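Here the structure comes first, spelled out in structure tokens, and everything after it is commentary.
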Amino acid sequence: MSLAIATLKKGEGRSLKAGGPWIYDNEVASILGSFENGDMVMVHDFDGYPLGRGFINTNSKIRIRMMTRRSEQEIDEGFLRKRVRDAWEYRKKTVDTGSCRVIFGEADFLPGLVVDKFSDILVVQSLALGIDRLKGKILELLKEEMAQDGVVIRGVYERSDAKVRRQEGMELVKGFMGEPFDTKVEICENGVKYLVDVEDGQKTGFFLDQKYNRLAIQRLCKGAKVLDCFTHTGSFALNAGIAGAKSVLGVDASELAVEQARENAALNGLSETVKFVCEDVFELLPKLEEEGKKFDVVILDPPAFTKSRNSVKNAVKGYREINLRAMKLVKDGGFLATCSCSHFMSYEMFTQTIGQAARNVHKRLRQVEYRTQAADHPILWAAEESYYLKFYIFQVCEG
């Protein structure tokens, strides 16, 4: 059966032609032929020049997600196997694969699909209709590729419960894909053990993107008094503890997260050194300042303060406020690790915001390093949404 043909308007498709993965609804001039949402379509430029194939969904503002730039390429098992093999080979070369993101959607040319590996468990999140139809086959192929390296997958859990699925006209889905198993999975990362809750943890259960940023703070924390803000399940705090910190205080507003963080501290024999409190960071930081508290290292790992362009101004205020408060709590010559995980908060904007905070409290910052997400979350140039994590380490000096 011949594919329907989507033709772009004249002058549109600039992002696509620069290497981007998406075509928006307002860029399409016409669609010739019959199709159902989720089907593969051919994409032509306004003059009929073939631009590749992608799957279409008229429910979504992202009208077409590209699967290949080769218009003659069939999206068959051989094609999917190559995509999966390329993704796995890339991880083997760039990261510790004990626990890692194996497929990162558009950046692995499998748009809308995320697969995380936690020890011998896979967690899958499907966010687009076209890839949703293919996820079973992709997981089957992925397990086959891993098995060739002696990696046996014990179970698969689906966390396709993100609200963005509704924008694709899809139901939220959560549950086992195959035989059930204990959904509390123990992993080890940077020498730290964690219990990952793949059923009820945030997103797929654990934030793998900060793996090497957590490792980077270890060398600063030996013998240090450390404050870890927005600790979630304790990952930065525990890296500080395992590195030999004198004391660590982790703070999070979620009682569930704090309980899990305490479990993780006990798992690592760090309960005496690494303590956790359930409090609002924005309320706690001024209190600590009033009490005259100072720390050798302060870590800020907040959730995304903005998930749209419309709320960026408020996000800037939030980032400025917590960085300003944190700098006041760092002793002279101590260190601040600070990050943003929203791709709408650009590198330039985040950098400028931290600079403003430093000027407001008369602190001088010496940049130790700038980092992004771990290499298992590759940044695809021309796909700006794949570059989302900005992570700075500074030495904070008196003005």
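Measuring from centroid to centroid over Cα atoms, what is the spacing of the range 122-176 and the range 200-246 in Å?
So the separation of the two Cα centres works out to 28 Å.
For the chain, just run the numbers: alpha carbon Rg, then divide by 2.2 N^0.38 Å, N being how many residues it has.
Normalised Cα radius of gyration, the chain: 1.06.
How high is the relative contact order of the range 26-123, given as a whole-number percent (alpha carbon pairs under 8 Å, six or more residues apart)?
Over the range 26-123, the number comes to 16 percent.
Cross-link partners among aspartates and glutamates for LYS222, C-alpha distance below 12 Å, same-chain residues fewer than 8 apart left out?
Result set, ordered by chain and number: ASP296.
Quick check on packing: order 71-79, 381-389, 54-62 by the mean number of other C-beta atoms within 10 Å, highest mean leading.
54-62, 381-389, 71-79
³J(HN,Hα) across the range 249-255 via Karplus (A = 6.51, B = -1.76, C = 1.60, θ = phi - 60°), whole Hz, x for Gly/Pro?
Result, ordered by residue: 10, x, 10, 8, 7, 9, 5 Hz.
How many percent of the accessible area of the range 97-140 is carbon or sulfur, using a 1.4 Å probe?
The value for the range 97-140 is 53 percent carbon and sulfur by accessible area.
Please list, ordered by chain and number, the residues whose modelled amide H lies under 5 Å from the amide H of VAL368; skip anything fewer than 5 residues away on the same chain.
Long-range HN contacts for VAL368: ILE393, PHE394, GLN395.
Excluding residues fewer than 8 places away in the same chain, name every one of the aspartates and glutamates whose C-alpha is closer than 16 Å to that of LYS211.
ASP96, ASP116, GLU186, GLU189, ASP228, ASP301, GLU369, ASP376
Which entries of LYS82/LYS137; LYS287/LYS328; LYS294/LYS328; LYS225/LYS363; LYS82/LYS174 show an alpha-carbon separation above 18 angstrom in the structure shown?
LYS225/LYS363; LYS82/LYS174
Treating the angle as unsigned and between 0 and 90°, give the value, to the nearest 10°, between the Cα long axis of helix 347-360 and the longest Cα principal axis of the chain.
Tilt relative to the chain: about 20 degrees.
Residues with amide H under 5 Å of PHE335's amide H, sequence separation 5 or more or different chain, H placed in the peptide plane at 1.01 Å from N; which?
Counting only residues 5 or more places away or on other chains, the set is VAL297, VAL298, VAL396.
Just to check I understand the Karplus step: with θ = phi - 60° and J = 6.51 cos²θ - 1.76 cosθ + 1.60, what whole-Hz values come out for the range 188-194, glycine and proline as x?
10, 9, 6, x, 9, 8, 9
Sticking with the crude label model, points 7 Å out along Cα→Cβ, report the distance from ASN310 to GLN395 in nm, one decimal please.
With each label point 7 Å from Cα toward Cβ, the separation is 4.5 nm.
Normalised by the residues of the range 255-399, what does the relative contact order come to in percent, with Cα pairs under 8 Å and at least six apart?
About 24 percent, as a whole number.
Which lysines does LYS9 reach when only Cα atoms under 26 Å apart count, and residues fewer than 8 places away in its own chain are ignored?
Counting by Cα, and skipping residues close in sequence, LYS9 has these lysines nearby: LYS17, LYS61.
DSSP beta bridges in the chain, what fraction antiparallel, as a percent rounded to 5?
Looking only at bridges with both residues in the chain, the antiparallel portion is about 65 percent.
Calculated from DSSP H runs of 4 or more alone, at -39500 (n - 2.57) each and per residue, what is the 222 nm mean residue ellipticity of the chain, nearest 500?
-9000 deg cm²/dmol
What ranking, highest mean first, results for peptides 126-139, 312-325, 102-115 when packing means the other Cβ atoms within 10 Å averaged over each residue?
Averaged packing, sorted descending, gives the order 102-115, 126-139, 312-325.
On a 0 to 90 degree scale, rounded to 10, what angle separates helix 281-290 from the longest Cα axis of the chain?
Here the helix axis deviates by roughly 20 degrees.
If one computes the Cα centroid of the range 337-399 and of the range 64-119, what distance in Å separates the two points?
Their Cα centres are 28 Å away from one another.
Over 18 Å between Cα atoms, which of LYS193/LYS390; LYS92/LYS203; LYS246/LYS293 qualify?
Cα-Cα > 18 Å for LYS193/LYS390; LYS92/LYS203; rest within.
Given the Cα-Cα distance of ALA147 and ALA266 and 0.36 nm per residue of separation, how much length would full extension add, in nm?
39.5 nm
Excluding ligands, DNA and RNA, what is the solvent-accessible area per residue of the chain at a probe of 1.4 Å, expressed in Å²?
44
May I ask for the net charge around VAL102, where only other residues with Cβ less than 9 Å from the Cβ of VAL102 are counted and Lys, Arg are +1 while Asp, Glu are -1?
Around VAL102, the charge tally is 0.
Relative to the longest principal axis of the C-alpha atoms of the chain, give the angle of the C-alpha long axis of helix 312-329, reported between 0 and 90° and rounded to the nearest 10°.
With rounding to tens, the tilt is 30 degrees.
Using modelled amide H (1.01 Å from N, peptide plane; none on Pro or chain starts), what sits under 5 Å from the amide H of GLU186, excluding residues fewer than 5 places away?
The list, which skips near neighbours in sequence, is VAL196.
The values are calculated or read from the model by the stated rules, or taken from the named source; none is laboratory data. In this text, all values refer to a predicted model and were calculated from it rather than measured experimentally. Glycine also receives a Cβ, built like all others from the backbone with ideal geometry; neighbour counts cover every protein chain displayed. For the accessible areas, the whole protein counts, side chains as well, though only heavy atoms, and no ligand, DNA or RNA atoms are used. Shrake-Rupley method; radii C 1.70, N 1.55, O 1.52, S 1.80 Å.
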